[in-house]
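Engineer: Take a look at the following structure, please.
Read the figures in this text as sums done on the coordinates, not as results from a lab. All figures in this text were calculated on a predicted structure; none of them were measured in a lab. Here the Cβ positions follow ideal geometry from the backbone for every residue, glycine too, while neighbour counts run over all protein chains shown.
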Amino acid sequence: MTKKQREKHTQNIKDVLLSKKWDKDRWGNFKKTIKRGGKEELLRCKFQATSMRFEVKTNSGWFNLTSDYYKNIKVIDNKIHVKRYVL
C-alpha cells in the first residue's frame, strides 16, 4: 500500500467513525462511550503511521482489544473490520 493509498484508506476509516458518532480528540484519535454489560465503557481508535489500535479504558489505563496494519483493515458496507471486531 502506497502512502497515498494509506492516507485515502485512513480518511475513509475516519469518515465511517464520524458517521457513527465517534468524537475526535485533540491528538487525532476517536473515542466513544458505549453501554455494555450494564455499565459504560470508553472505547478509542488510535491511529498510528502504519496501523490502528482499538482500545478500551480500564482502571489501569488503555487495554488493546485488537490492532492491525491498514492494509489488513477492511471497510465494507460502512463498517470497519479489524480482525474479528466489526465497528
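Engineer: Test of understanding: ordering TRP62, TRP27 by Cβ neighbours within 10 Å, fewest first, what list do you get? Present the calculation step by step, with values, prior to reporting the outcome.
Structural biologist: On the way: TRP62 14, TRP27 7.
Sorted ascending by nearby Cβ count, the order is TRP27, TRP62.
Engineer: Among (i) 41, 27, 27; (ii) 37, 28, 28; (iii) 37, 25, 14, find the value of Cα extents along the principal axes in Å that was calculated from the structure presented, and write down its label.
Structural biologist: It is the one labelled (i).
Engineer: For the Cα atoms of the chain, what angle does the longest principal axis make with the long axis of helix 3-19, in degrees from 0 to 90, nearest 10?
Structural biologist: The angle comes out near 40 degrees.
Engineer: Now a separate question. Quick one: 3J(HN,Hα) in Hz for the stretch 38-45, Karplus 6.51/-1.76/1.60 with θ = phi - 60°, rounded, Gly and Pro as x.
Structural biologist: Coupling constants for the stretch 38-45: x, 9, 8, 10, 9, 10, 9, 9 Hz.
Engineer: Another question, then. Using the count of nearby Cβ atoms within 10 Å as a rough guide to exposure, how do LYS8, LYS21, LYS46 rank from fewest to most?
Structural biologist: Values: LYS8 11, LYS21 7, LYS46 18.
In increasing order of surrounding Cβ atoms, one gets LYS21, LYS8, LYS46.
Engineer: Separate question: Could you work out the helix-only [θ] at 222 nm for the chain, with each DSSP H run of four or more residues adding -39,500 (n - 2.57) and the total divided by the number of residues, to the nearest 500 deg cm²/dmol? Walk me through the intermediate numbers first.
Structural biologist: On the way: 1 runs with 17 residues, N = 87.
Calculated from helices alone, the mean residue ellipticity at 222 nm is -6500 deg cm²/dmol.
Engineer: Dipole of the stretch 3-86 (Lys/Arg Cβ +1, Asp/Glu Cβ -1, origin at the Cα centre): which of VAL86, TRP62, HIS9 lies farthest to the positive side?
Structural biologist: Farthest along the dipole direction, towards plus: HIS9.
Engineer: Also, quick follow-up: To the nearest 0.05, what FRET efficiency results for VAL75 and ALA49 with a Förster distance of 22 Å applied to their C-beta separation? Please report the intermediate quantities before stating the final value.
Structural biologist: Details: r = 19 Å, r/R0 = 0.86.
Working from the Cβ atoms, E equals 0.70.
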